[in-house]
Amino acid sequence: MKERIVIKIGGRAAEEEEALLALAGEISRLSADYHIVLVHGGGSAVSSIQKVYGIEPLFVNGKRITAPEEMDIVDMGLAGKMNKYLVRLFRRAGVNGVGLSGCDGALFSGKSFGNHGGRENRSGSLDRSDPSLVEILWQTGYFPILSSVSYDEQGRGININADEAALGVAEALKASRLLFISDIPGILEEGKIIDEMNEEAITSALEREVITGGMIPKVTSSLEALRLGVSAILITDYRESGDLNAMIQESKGTKITLK
């Protein structure tokens with residue numbers, strides 16, 4: 001059976017065309033040996049649409065707050081603009097991508113974090129994941145590209161953090177590796193990459209605010225994924241062809257461990 005790898009990409013890394021084309025080419029070459037699925041964020045696409053409508057994006061601890069009236073904008077930005085951009089770009093590299101959201105085939109669903117500031121919040125956490133559709137796509141030669149928007153138990157739209165969505169997909173697929181591709185080469189302290197961090201080191205880094213903003217959900221999701229059976233987790237960037245293989249070989253970025 002092929003080794004299963006979940007790649008989560010977000011931030012500026014999800015929009016750098018040259019690097020994405022190199023990544024797509026590398027995925028195409030590695031598909032003979034690995035089953036790979038891509039989970040993407042793309043919050044900048046959402047924020048740019050929000051600003052067109054005069055809405056100021058709001059984040060708490062690196063996670064977006066989504067008012068009910070903003071859910072359509074999140075759908076447009078993530079499941080629409082960003083997802084189709086990636087599908088088209090990967091097609092240019094010869095990868096037969098299929099763009100989906102958590103709603104499709106009930107891939108994953110979520111539940112709201114609860115009200116924020118007395119108002120309903122449509123951002124939430126992952127509730128359950130069923131990877132059956134990903135399995136079917138792999139078996140028929142397609143490459144799944146997943147946005148993190150989904151639905152809750154009432155069938156309403158919900159905005160799940162893409163790091164958490166990647167965690168749920170990796171756990172449900174029993175993936176051997178979860179690779180977070182970000183804007184930075186790894187977790188940094190005083191400008192230097194930390195090669196490896198365990199749970200104790202992460203707790204200390206959070207307390208000292210070495211880890212802040214959008215990196216917070218990445219590391220917390222990483223620890224949870226390890227507890228649920230994902231074998232290896234890496235946080236790094238992607239700059240050129242060969243970087244993905246380096247991630248698989250654990251020779252690039254920051255490796256997250258429990259102990």
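What follows is calculated from the coordinates using simple rules that are stated; it is not laboratory data. These numbers come from a predicted model, not from an experiment. Neighbour counts run over all protein chains shown; Cβ positions are idealised from the backbone, glycine included.
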Study note, to complete from the structure: The FRET efficiency for E224 and E196, from their Cβ-Cβ distance with R0 = 22 Å and rounded to 0.05, is 0.75
Practice item. Search the structure for amide H atoms under 5 Å from the amide H of F143, placed 1.01 Å from N in the peptide plane, and list their residues when 5 or more places away or on another chain. Key: N96, G97, V98
Review point. Stretched out fully, how many nm does the piece from S251 to K51 gain, at 0.36 nm a residue minus the Cα gap?
Key: 68.0 nm
Point to revise | Spin-label pair H116/F59, simplified geometry with 7 Å Cα→Cβ offset, distance in nm | key: 1.1 nm
Study note, to complete from the structure: Rounded to 0.05, the calculated FRET efficiency for the beta carbons of E18 and E189 at R₀ = 22 Å is 0.15
Review point. Counting pairs of alpha carbon atoms under 8 Å apart in space and at least six apart in sequence, what relative contact order in percent does the chain give?
Key: 23 percent
Practice item. Would you please state the base-10 log of I(q)/I(0) at q = 0.22 1/Å for segment 161-259, with intensities from the Debye formula using one equal scatterer on every alpha carbon? Key: -1.19
**Study point:** Helix-only [θ]222 nm of the chain, DSSP H runs n ≥ 4, -39500 (n - 2.57) each, per residue, nearest 500
**Key:** -9500 deg cm²/dmol
Study note, to complete from the structure: Where a ≥ b ≥ c are root eigenvalues of the Cα gyration tensor, a/c under 1.5 meaning rounded, otherwise prolate if a/b exceeds b/c and oblate otherwise, segment 80-151 counts as oblate
**Study point:** Cubic angstrom per residue, convex hull over Cα atoms of the chain
**Key:** 123 Å³
**Study point:** Residue among T140, T203, T220 with the largest mean-square fluctuation in a Gaussian network model of the chain, springs linking Cα atoms under 10 Å
**Key:** T140
Point to revise | Dipole magnitude of the chain, debye to nearest 20 (Cβ charges: Lys/Arg +1, Asp/Glu -1, about Cα centre) | key: 460 debye
Check your understanding: Rg and Dmax of segment 114-155, using alpha carbons, in Å: what are they?
Key -> 14.9, 47
Review point. Which cross-chain or sequence-distant (5 or more) residues have an amide H under 5 Å from the amide H of G42, H modelled 1.01 Å from N in plane?
Key: G11
Check your understanding: Taking a point 7 angstrom from the Cα of A106 along the C-beta vector, which residues in segment 15-40 have backbone N less than 15 Å away?
Key -> none
**Study point:** Mean separation of Cα contacts under 8 Å, 6 or more apart, over the residue count of segment 214-259: relative contact order %
**Key:** 44 percent
Check your understanding: For E240, E196, E190, what ranking results if the residue with the fewest other Cβ atoms within 10 Å of its Cβ goes first?
Key -> E190, E240, E196
Check your understanding: Among the helices of the chain (complete DSSP H runs), which have Cα atoms covering no less than 15 Å along the helix axis and a Kyte-Doolittle mean of at least -1.0?
Key -> 17-30, 162-173, 215-227
